[in-house]
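The values are calculated or read from the model by the stated rules, or taken from the named source; none is laboratory data. Just so we're clear, the structure is a prediction, and the values are computed from it rather than from any experiment. Reconstructed Cβ throughout: ideal geometry from the backbone, glycine too, with neighbour counts over all protein chains shown.
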């Protein structure tokens with residue numbers, strides 16, 4: 001099997017896409033879950049503030065999500081653009 | 001040095017057995033240690049109940065041990081079964097089977113330890129509900145074992161399906177990807193399910209009259225925590241059963257390996273995150289059962305967001321398998 005330059009680059013881009021999305025998903029998943037867990041605890045303490053707490057949770061999760069989206073963008077760039 | 005096929009396959013099955021048992025021993029041991037630690041704490045609180053607490057500890061540890069036993073079974077099969085050695089693909093299938101089972105046992109072993117420990121501690125706090133605590137411990141830790149069972153299913157398929165006629169490249173990468181996908185994704189789901197189950201046992205010991213509602217919330221939370229490992233299983237099945245044309249390039253196998261890596265590692269975080277969310281919700285349903293509606297709703301919203309990265313990982317995997 002002769003490996004040429006273009007093939008090698010494609011192979012690296014594919015494995016890179018898998019690595020980017022796979023490892024990139026660990027942090028946001030844990031972080032968002034942690035935020036949601038703490039939000040549940042806070043709602044348990046003060047159920048009447050559920051609306052405000054849910055809103056804050058979602059904003060916090062959205063920020064935590066950003067690195068997951070960066071990973072997705074990098075993975076898609078590696079798959080379709082590079 | 002040239003490597004003939006029988007030697008390579010033998011080498012791979014021995015290496016696979018080592019990886020399988022080495023990784024597989026981590027989780028069960030940690031989980032059982034945690035159970036024993038909390039059991040000691042419970043006995044120091046109420047030494048008269050030591051008999052009952054030790055009994056519960058042993059039952060809880062036995063469930064956590066099952067993940068380790070699955071790994072032992074796969075390792076022994078790899079060592080002694082003497083598989084037919086027709087193709088280099090088998091060598092990669094055996095390494096993948098070991099990796100899948102070994103990694104898959106980590107989360108379930110640790111996760112099953114949480115409910116066991118909390119049940120032991122709970123008996124010292126509320127001896128009157130020890131039956132209910134044991135039942136909940138068993139339900140919770142049984143759910144924790146499902147990711148390890150998924151891993152065993154994939155490992156057994158990798159061992160016994162005949163890949164002999166498939167082209168070596170890219171099938172080797174598809175099989176390795178299949179092992180990584182289910183094995184790694186199982187880590188998060190096993191741990192996450194355990195967090196929810198531990199909070200459930202703790203909650204019942206604190207407030208026994210909420211048992212029904214707490215168990216329901218635990219099961220819903222655990223079910224969502226299991227989804228990343230189900231995604232992992234799905235990607236593994238696709239990788240194992242799709243038929244591939246002979247590939248002369250390096251890009252084709254790397255795309256399939258990348259698909260497995262993306263889904264496998266991508267499933268770890270959301271599994272743990274969903275478990276953390278369920279832990280918070282279950283803890284507070286037990287303390288304030290009248291808020292269980294809003295808590296369950298918030299838990300599901302939070303878990304859905306945490307799940308999103310697992311879905312991204314699955315999308316990237318499917319693109320790598322079917323599009324590029």
Residue check for residue B:245: in contact (Cβ under 8 Å) with a residue 60 or more places away in the chain and closer than 23 Å to residue A:10 by Cα
yes
Looking at (1) surrounded by fewer than 23 Cβ atoms within 10 Å (Cβ to Cβ); (2) over 28 Å from residue B:183 (Cα atoms), find the lone condition where residue B:68 falls short.
(2)
Residue count for segment B:227-259, restricted to those that are surrounded by fewer than 20 Cβ atoms within 10 Å (Cβ to Cβ) and at the interface with chain A (Cβ under 8 Å from one of its Cβ atoms):
2
Among the helices (runs of 4 or more DSSP H) confined wholly to chain A, which include 2 or more residues that are touching a residue at least 24 places away in the same chain (Cβ under 8 Å), more than 20 Å from residue B:271 (Cα to Cα) and facing another protein chain (nearest Cβ under 7 Å)?
A:5-24, A:50-80
Is at least one residue of segment B:190-204 within 18 Å of the chain's Cα centre (by Cα), closer than 20 Å to residue B:103 by Cβ, away from chain A (no Cβ under 14 Å) and modelled with pLDDT of 95 or more?
yes
The residue from B:187, B:230 that alone is part of a helix (DSSP H, G or I), out of contact with any helix residue (DSSP H, G or I) (no Cβ under 7 Å at 6 or more places or on another chain), under 30 Å from residue B:133 (Cα atoms) and at pLDDT 95 or above is B:230
Quick check on segment B:294-316. Is at least one of its residues out of contact with any strand residue (DSSP E or B) (no Cβ under 8 Å at 6 or more places or on another chain), farther than 28 Å from residue A:40 by Cα, within 9 Å of another protein chain (Cβ to nearest Cβ) and part of a helix (DSSP H, G or I)?
yes
Does residue B:285 satisfy the criteria of being crowded, with 24+ Cβ neighbours inside 10 Å, farther than 15 Å from residue B:108 by Cα, more than 8 Å from chain A (Cβ to nearest Cβ) and touching a residue at least 40 places away in the same chain (Cβ under 8 Å)?
no
Can you confirm whether segment B:131-143 contains a residue that is more than 22 Å from residue B:54 (Cα to Cα) and crowded, with 18+ Cβ neighbours inside 10 Å?
yes
Please determine whether any residue of segment B:82-103 is without any contact (Cβ under 8 Å) to a residue 60 or more places away in the chain and either assigned to a helix (DSSP H, G or I) or within 28 Å of residue B:160 (Cα to Cα) (or both).
yes
